Amino acid sequence: MNNSKKPLIEINELVKRFGNFTALNGVSLDVYPGEVHALLGDNGAGKSTLIKVLAGVHPATSGTIIIDGKEGKFSTPRQATDAGIGTVYQDLALNALTSVTRNFFLGREIKKGPGAFGIMQMNEMDKITIEEMSKIGIDISDPTQPVGTMSGGQRQTLAIARAIYFGAKILILDEPTSALGQKQQMEVLKTIKRVQKLGHIAIILITHNEIHARLISDRYTFLSLGEVIGKGLAEELGGDDIKKLMAGGTEIGDLRDELGV
Amino acid sequence: MNTGVNSNQRQESDRQDIKKWYSPILARPEIGPIGVMLLLFGMLGYFSIPEGQFSLNPFSGEGFNALGIRNNFRVIAQLGILALGAGLLIIAGEFDLSIGSMVGFAGCVMAITLKWGFAMVIPYISFAGGLHIETIKLFAITDVSPLTAIFITLCFTLSFGWFQGWLIVKTGIASFIVTLGGLFFLRGLTMVSFRAFNKAFSQTAGSTTVTDLPDIKNIIKVPGHGEMEREAAKALPNDQLLDILSTVPAHTIAKISEKLTYVNEKVALYKTISNKSKMIQSLEKSLEGAKKSNNESMIELLTKKIEAGISVPDVAANVVTDIDIAKTYIDTIVTARPVANFFGGDIMEPVFDWLYYTADWNVNMYGRQFADGMYSCLMIWFLMALVCYFVLSRTQAGNWIYSTGGNLSAAQANGVPTNKVKISLFMFTAFCATMFAACQVFEVNTSDAAKGNLKELEAIAAAVIGGVVLTGGFGTILGIILGTIIFGIAKEAFFYIPGIDGSFYRVFLGAVLVTAALTNENIRKRIIGSL
């Protein structure tokens, strides 16, 4: 990867406290365009809090977030979206009962006419939906089919394509492969790979799955108890390092002993 | 060994059954309601044909003669206005049980303002001459026009709808409970208001109705008399009627005279026919009597008489008089209160005239015109349904309504103002109730505190029969319309079935309702992929 590139988003010494509880204790993170940055850590490591701060759900207690050289201060999800942070949560925020197009443009419909009673430009919206979906590798022949009829992988793709189309430069994927079958997981990984190849989007990938992380990630950051316990490029880290850091620093060997295997 | 991917490998799509040609038709959620509707229409058509007559034409029975169509579609349209509001709200994932009470309340406000006017007062406690409450009158309108009455009513109903919606989205209390409160609150308020106003004028305990409103939709400008009710104008003394007629242009008089001649001839013809059949009936009766008493000569005489045919003298048509023409002319004068006529009058009168004068169908047993037109509420239902269809299926607001009911958190995450959507729809149900009330008040010129009772449940049932899922996010306007027709027509259809209790229509509707709910849930699950 080209290391002379400037990071698209720089997170410096981010602290988030909930009363007496310190969820994030000075986390720093750089994400480069065209790269997948895997954010790994055990449950309770602070991954979810970090995403929520980035997505504008919780304001940071201290620390800075610099996007494209500009400092971002988010107190609402809308501000984060406007600054170019697109978050794809596990539940994907899709309405299974309505069509692909209606979901793609939900809340941001293309319309002509006054206010909410403007007429949706369905043909145009259908066209854009098909185009954007095919850019990251899913060919939907019928954009009027209900989202409920799509596979889990296709739904993930829809949510990612939607985030990108509406201006996400930094794409946060919250455990995109969990709760999917093997085949679907591969589909989603392929999609992420295609987004990576677009070159201008920085991807933060939160996952529990070490194999998936190693398949597509360029960089790693490991969190434990609200702090960064390790980071590095994919080439530099060995498989055992990753395993160890993912478990929060304990040796797999120690675990073996404990289990008495 | 061939382990590679070959072209004959099973695909995901191979696991699906091959679709039959009729599969797309059966997959439409409206197909069930359409079937039930056609069944009911058929039942109503054929069972309402009088006993002993045979006809393949379903329009020859009482259910679908001109008057039957007029009355049946009034029941359907009135329910339909409410079902649109209830249905849209359910699609957005909420409930309104206060619709029926809102109908009564809206009718009450409208009738009271039409009768006694509208005033805004500020009450305060006065100590002068003992503790009592005084009021300052801010303004008062004594002569309230229909449009103003509707506007004032809308102020009350829409703000109550807004309040219910606001309370539900802000507190998160189930809409079932909040609107159940609304149901009792509004019904009580309606009764209290009626009694309070009625008591002020008669010393007996006030009644919960207003019955003596003028026939506003039929107020017309009569030449030489100013504004008056149509019936009063027709009851004027003959010389004054003739005066009125003298202002009418000659070609109008000629046209009316021609029509009246047609009517009189038709009446005379029907009278002749009826006289003939009466005569034959009495002869046949005598013949039966003769047969019973074995009176041979009498039997012979009567049989001969019947065989020879009866010659009853043709009834002569009445001559068209100038008074008749004047009265008919008064009937044709256009209303001076178009708003009241818009809600309470008739529509499609030219069509029904054509059906009588030209198509010779819209005729009652006396030879006169059967129905003058359709009730105006049918047009209001139609217009509202058109707007609702457009909004729900074509506009951004429609997408918001579907997503608010389909997946609330997803809608919020995508920036849909779900609270606004819900509050607006609570106001829309109040609007529908007000339209229903306006149609009733201006049509029958009365208002009753019991109006709209149980209508909220009927409206919800109609929406569910039409394919709306109670958990929200699923349903169409076309479905709601079909559900309304089924609900509205079932009572009539069962009424005519010979030999069964008319109340079986409730049994039928109950079964249809549950079947529809099961089917809807099945379709919904298939779409979200859990089936």
Problem set entry | Span per principal axis, largest first, for the Cα atoms of chain B (Å) | 102, 102, 52
Exercise. Got a sec? Charge dipole of the range B:217-341, +1 on Cβ for Lys and Arg, -1 for Asp and Glu; which of B:Val319, B:Ala268, B:Thr252 is way out at the positive end?
Worked result: B:Ala268
For this session: Do me a favour and compute the ellipsoid semi-axes for the range A:1-126 from its Cα gyration tensor, root of five times each eigenvalue, largest one first, whole Å.
Result: 33, 18, 15
For this session: State the volume of the convex hull built on the alpha-carbon positions of the range B:306-396, expressed per residue in Å³ and rounded to an integer.
Result: 170
Exercise. When the C-alpha atoms of the range A:77-122 are aligned to their principal axes, what extent does each axis show, in angstrom, from largest down?
Worked result: 31, 27, 13
Exercise. What is the fewest-to-most order of B:Arg195, A:Arg219 by other Cβ atoms lying within 10 Å of their Cβ?
Worked result: B:Arg195, A:Arg219
For this session: Under 12 Å Cα to Cα from A:Lys16, which aspartates and glutamates show up? Leave out anything in the same chain fewer than 8 places away.
Result: A:Glu227
For this session: Quick one: among A:Gly72, A:Gly115, A:Gly63, which has the greatest mean-square fluctuation in a GNM of chain A with alpha-carbon springs under 10 angstrom?
Result: A:Gly115
Seminar exercise, completed: Here the cysteines of chain B without any disulfide-compatible Cβ partner under 4.7 Å are B:Cys108, B:Cys155, B:Cys388, B:Cys432
For this session: Using θ = phi - 60° and the Karplus relation 6.51 cos²θ - 1.76 cosθ + 1.60, list the HN-Hα couplings for the range B:471-483 in order, rounded to whole Hz, with x at every Gly or Pro.
Result: 7, x, x, 9, x, 10, 5, 4, x, 4, 4, 4, x
Seminar exercise, completed: Largest fluctuation, A:Ala38, A:Ala234, A:Ala161 only, Gaussian network model of chain A with Cα springs under 10 angstrom, belongs to A:Ala234
Problem set entry | Placed amide H near A:Ser28: partners under 5 Å, 5+ positions off or other chain | A:Glu13, A:Leu14, A:Val228
For this session: Would you tell me the mean number of C-beta atoms belonging to other protein chains that fall within 10 Å of each C-beta in B:383-394, as a whole number?
Result: 1
Seminar exercise, completed: Rg/Rh over Cα atoms for the range B:118-210, Kirkwood Rh, comes to 1.05
Exercise. When you look at the Cβ of every residue in B:412-419, what mean number of other chain Cβ atoms sits within 10 Å?
Worked result: 5
Problem set entry | Restraint check, B:Lys285/B:Lys305; A:Lys193/A:Lys243; A:Lys73/A:Lys197, Cα-Cα greater than 18 Å | A:Lys193/A:Lys243; A:Lys73/A:Lys197
Exercise. Counting only residues 5 or more places away or on other chains, whose amide H sits under 5 Å from the amide H of A:Thr87 once H atoms are built in the peptide plane?
Worked result: A:Ile172
For this session: Give B:Lys422/B:Lys455; A:Lys5/A:Lys70; B:Lys115/B:Lys221; A:Lys47/A:Lys244; B:Lys422/B:Lys491 a once-over and call out the pairs whose C-alpha atoms are over 23 Å from each other.
Result: B:Lys422/B:Lys491
Exercise. Quick one: Karplus J couplings for the range B:138-143, per residue in order, coefficients 6.51, -1.76, 1.60, θ = phi - 60°, nearest Hz, x for Gly and Pro?
Worked result: 6, 7, 8, 10, 8, 9
Exercise. Going by the alpha-carbon gyration tensor, a ≥ b ≥ c the square roots of its eigenvalues, is the range A:79-165 rounded (a/c under 1.5) or, if a/c is not under 1.5, prolate (a/b greater than b/c) versus oblate?
Worked result: oblate
For this session: Could you tell me the largest-minus-smallest coordinate of the C-alpha atoms of chain A on each of the three principal axes, in descending order and whole angstroms?
Result: 64, 41, 38
Exercise. Taking 1 over the mean of 1/r across every pair of different Cα atoms in the range B:147-294, what Kirkwood radius in Å do you get?
Worked result: 23.1
Seminar exercise, completed: Listing A:Asp68, A:Asp139, A:Asp174 by rising number of other beta-carbon atoms within 10 angstrom, fewest first, gives A:Asp139, A:Asp68, A:Asp174
Seminar exercise, completed: Taking the protein assembly as shown and counting helices only, DSSP H stretches of n ≥ 4 at -39,500 (n - 2.57) each over all residues, the nearest-500 ellipticity at 222 nm comes to -17000 deg cm²/dmol
Seminar exercise, completed: In Å, the Kirkwood estimate of hydrodynamic radius for the protein assembly as shown over Cα pairs equals 32.8
Problem set entry | FRET efficiency for A:Asn25 and B:Ile173, using Cβ-Cβ distance with R0 set to 51 Å, rounded to 0.05 | 0.80
Exercise. Out of residues 5 or more away from A:Ile110 or on other chains, whose amide H comes under 5 Å of its own, with H placed 1.01 Å from N in the peptide plane?
Worked result: A:Gln121
Exercise. Hey, can you rank B:129-142, B:164-177 by average C-beta count inside 10 Å, highest first?
Worked result: B:164-177, B:129-142
Seminar exercise, completed: Out of A:Ile130, A:Ile119, A:Ile201, a Gaussian network model of chain A with alpha-carbon springs under 10 Å gives the largest mean-square fluctuation to A:Ile119
Problem set entry | Spatially proximal aspartates and glutamates relative to B:Lys199 (Cα-Cα < 17 Å; intrachain offsets below 8 disregarded) | B:Asp212, B:Asp448
For this session: Take every Cα-Cα distance within the range B:363-449, group them into 10 Å bins from 0 onward, and report for each bin the whole-number percent of pairs it holds.
Result: 14, 31, 24, 17, 9, 4, 1
Exercise. Hey, got the dipole for the protein assembly as shown? About the Cα centre, +1 on K and R Cβ, -1 on D and E Cβ, debye to the nearest 20?
Worked result: 380
Exercise. What's the exposure ranking of A:Lys190, B:Lys304, A:Lys243, going from fewest to most Cβ atoms within 10 Å?
Worked result: B:Lys304, A:Lys243, A:Lys190
Exercise. Residue by residue, what Karplus-based ³J(HN,Hα) values in Hz, rounded to whole numbers, does the range B:182-199 have, using 6.51, -1.76 and 1.60 with θ = phi - 60° and x for Gly and Pro?
Worked result: x, 4, 6, 4, 5, 4, x, 4, 4, 5, 4, 5, 4, 4, 4, 6, 5, 5
For this session: Just need the Rg to Rh number for the range B:298-455, please, alpha carbons only, Kirkwood Rh.
Result: 1.27
Seminar exercise, completed: Measuring from its Cα centre, the range B:264-316 shows a charge dipole (+1 at each Lys and Arg Cβ, -1 at each Asp and Glu Cβ) which, in debye to the nearest 20, is 180
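FYI, it's all coordinate maths here, none of it is from the lab. Quick caveat: nothing in here was measured; it's all calculated off a predicted structure. Using ideal geometry, Cβ is built from the backbone for each residue, glycine included, and neighbour counts are taken over all protein chains shown.
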